[in-house]
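Engineer: Below is a structure I'd like to ask you about.
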Amino acid sequence: MPIEIGQIEAIFRYPVKSMRGEPLESAKLEWHGLDGDRRFAFRRKGERGGCPWLTASKLPDLILFTPQRREDGNGEALPTHVRTPEGEEMPLFGEALAAEVERRYGAPVQMMQLNHGIFDEASISVITSDTVRELGRLAGRSADVRRFRPNIVVRSTRAVPFEEDQWLGGVLTFGDTDDAPAVAVTMRDVRCAMVNLDPDAGSPAPEVLKAVVRANQNNAGIYGVVTRIGRLAVGQTIVLHRQA
C-alpha cells in the first residue's frame, strides 16, 4: 500500500554547479531534474579526467557566488549574470567572471552549459529536515539544510533521522493527483567535504562530515531519477510507493 511520508518543506535549485542555491515555492520537475538546475558549470581547462568540473570542494569561494536572472534576460529559469562575493554583477559567460574565478582558483576555467544538467550521481536529491537537524546536533553546528544542497526537503510524518534509507527501491510521488510527478529512489547520497562548507562564509567545519560518517556510514539523503514530470510545490503531500 502507498504510504504518506510527509510534505515538501522546501525546494532548491542550483543554476550553476557549486554556486549558491535558489529557494523556490514551486518548480517544474522535468526528465532531467528541476527546470534550470545545474545547467551550468565551470570546466577546468587543463583537466583530462572524467570529472572536469570546478566545484567548491576545490574552490570553497565558489559557494559564495550567486547566479542572477535579469528581467530582460532569456525568459527561462536560467541565470544571465553572477554576483561575486564582493557584490559585483558580471555576465555569466563574460570574460570578467571567468578571470575572477581563475584568479581565485589559480588555473584556467571555462563556463559551460549542458541542457541535460551537470550532476554527480542523479538528477534529483532529497533529504528530510530531521536528518539535517540530527547531523547538526551531532556536529555541534546549526542545522543549515543548505550545507547538503538538496533539491527537495521533506517534512517527515515519522520525524526519524535517516528515514530516507528505507525508501530505496521505491517511488516518491508529489501531490494528490493520478498524474502526480514522481521520482524513483535509486541510491543513498554519499557525502563529501561540500557539507563542511558554511553556505554564508565558505569556511570549513570538518565535524559535519565526520558526523555523517559516524551516524550513517557517510550517507545523508537519497538520489532519484524522474519517472513522471509535473509541478512541485512547497506543502505538497509526498507518498512512497514500494515495489512488489
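The values are calculated or read from the model by the stated rules, or taken from the named source; none is laboratory data. Quick caveat: nothing in here was measured; it's all calculated off a predicted structure. Positions of Cβ are backbone-derived with ideal geometry, glycine not excepted, and every protein chain shown enters the neighbour counts. With ligands, DNA and RNA removed, areas are computed over all heavy atoms of the protein, side chains included. Shrake-Rupley method; radii C 1.70, N 1.55, O 1.52, S 1.80 Å.
Engineer: Which residue, chosen from Val208, Ala122, Gly46, occupies the Cα position most advanced towards the positive end of the dipole of the chain, where the dipole is computed from +1 (Lys, Arg) and -1 (Asp, Glu) charges on Cβ about the Cα centre?
Structural biologist: It is Gly46, whose Cα lies furthest towards the positive end.
Engineer: So how strong a dipole does the stretch 135-185 carry about its Cα centre when Lys and Arg Cβ are +1 and Asp and Glu Cβ are -1, to the nearest 20 debye?
Structural biologist: Value, rounded to 20: 520 debye.
Engineer: When the helices in the chain are scored as -39500 (n - 2.57) per DSSP H run of 4 or longer and the sum is shared across all residues, what 222 nm value do you end up with, to the nearest 500 deg cm²/dmol?
Structural biologist: -4000 deg cm²/dmol
Engineer: Here is a follow-up. 5 Å is the cut-off here: which amide hydrogens, built 1.01 Å from N in the peptide plane, fall below it relative to Val82, excluding neighbours closer than 5 in sequence?
Structural biologist: Here Gln68, Met90, Leu92 satisfy the definition.
Engineer: Taking 8 Å as the Cα distance limit and 6 or more residues as the minimum spacing, I'd like the relative contact order of the chain as a percentage.
Structural biologist: Dividing the mean separation by the residue count of the chain yields 28 percent.
Engineer: Per-residue HN-Hα couplings for the stretch 233-242, Karplus 6.51 cos²θ - 1.76 cosθ + 1.60 at θ = phi - 60°, whole Hz, x for Gly and Pro?
Structural biologist: 8, 4, x, 4, 6, 10, 10, 9, 10, 8
Engineer: Could you work out what % of the accessible surface of the stretch 113-197 is carbon and sulfur, using a 1.4 angstrom probe and leaving DNA, RNA and ligands out of the count?
Structural biologist: Answer for the stretch 113-197 is 47 percent, counting heavy atoms of protein chains only.
Engineer: So what are the stretch 140-244's ellipsoid semi-axes, whole angstrom, largest first, if each one is the square root of 5 times an eigenvalue of the alpha-carbon gyration tensor?
Structural biologist: Numbers: eigenvalues 152, 47, 28 Å².
Taking √(5λ) for each Cα gyration eigenvalue gives 28, 15, 12 Å.
Engineer: Suppose accessible area is computed on protein heavy atoms with a 1.4 Å probe; arrange Trp167, Trp53, Trp31 from highest to lowest.
Structural biologist: Working: Trp167 5, Trp53 40, Trp31 140 Å².
Heavy-atom accessible area, descending, gives Trp31, Trp53, Trp167.
Engineer: When the chain is modelled as a GNM with alpha-carbon springs shorter than 10 Å, which of Arg70, Arg44, Arg149 fluctuates the most?
Structural biologist: Arg70
Engineer: Now a separate question. Taking 1 over the mean of 1/r across every pair of different Cα atoms in the chain, what Kirkwood radius in Å do you get?
Structural biologist: Value: 18.5 Å, from the Cα pair sum.
Engineer: Report, by chain and number, residues whose modeled amide H sits under 5 Å from the one on Asn218, excluding near sequence neighbours (fewer than 5 apart, same chain).
Structural biologist: Correct list: Val213.
Engineer: Listed here are the pairs Lys17/Lys58; Lys45/Lys210; Lys28/Lys58; which of them are more than 21 Å apart at the Cα?
Structural biologist: Lys45/Lys210; Lys28/Lys58
Engineer: What does the accessible area per residue of the stretch 142-244 come to in Å², with a 1.4 Å probe and no ligands, DNA or RNA counted? Each step should come with its number before you reach the end.
Structural biologist: Details: 4580 Å² over 103 residues.
For the stretch 142-244, the solvent-accessible area averages 44 Å² per residue.
Engineer: As I understand it, the value is the acute angle between the Cα axis of helix 129-139 and the longest principal axis of the Cα atoms of the chain; what does it come to in degrees, rounded to 10?
Structural biologist: Rounded to the nearest ten degrees, it is 60.
Engineer: What is the angle, in °, between the Cα long axis of helix 95-105 and the longest principal axis of the Cα atoms in the chain? Nearest 10 is fine, range 0 to 90.
Structural biologist: 80 degrees
Engineer: Further question: Using modelled amide H (1.01 Å from N, peptide plane; none on Pro or chain starts), what sits under 5 Å from the amide H of Met187, excluding residues fewer than 5 places away?
Structural biologist: Tyr223
Engineer: Can you run phi through the Karplus equation (6.51, -1.76, 1.60; θ = phi - 60°) for the stretch 2-17 and list ³J(HN,Hα) in whole Hz, with x for Gly and Pro?
Structural biologist: My calculation for the stretch 2-17 gives x, 10, 6, 10, x, 9, 6, 8, 7, 10, 9, 10, 10, x, 10, 3 Hz in order.
Engineer: Which ³J(HN,Hα) values, rounded to whole Hz and listed in residue order, are derived for the stretch 163-169 from phi using the Karplus coefficients 6.51, -1.76 and 1.60 in 6.51 cos²θ - 1.76 cosθ + 1.60 with θ = phi - 60°, glycine and proline given as x?
Structural biologist: 4, 4, 4, 7, 8, 3, x
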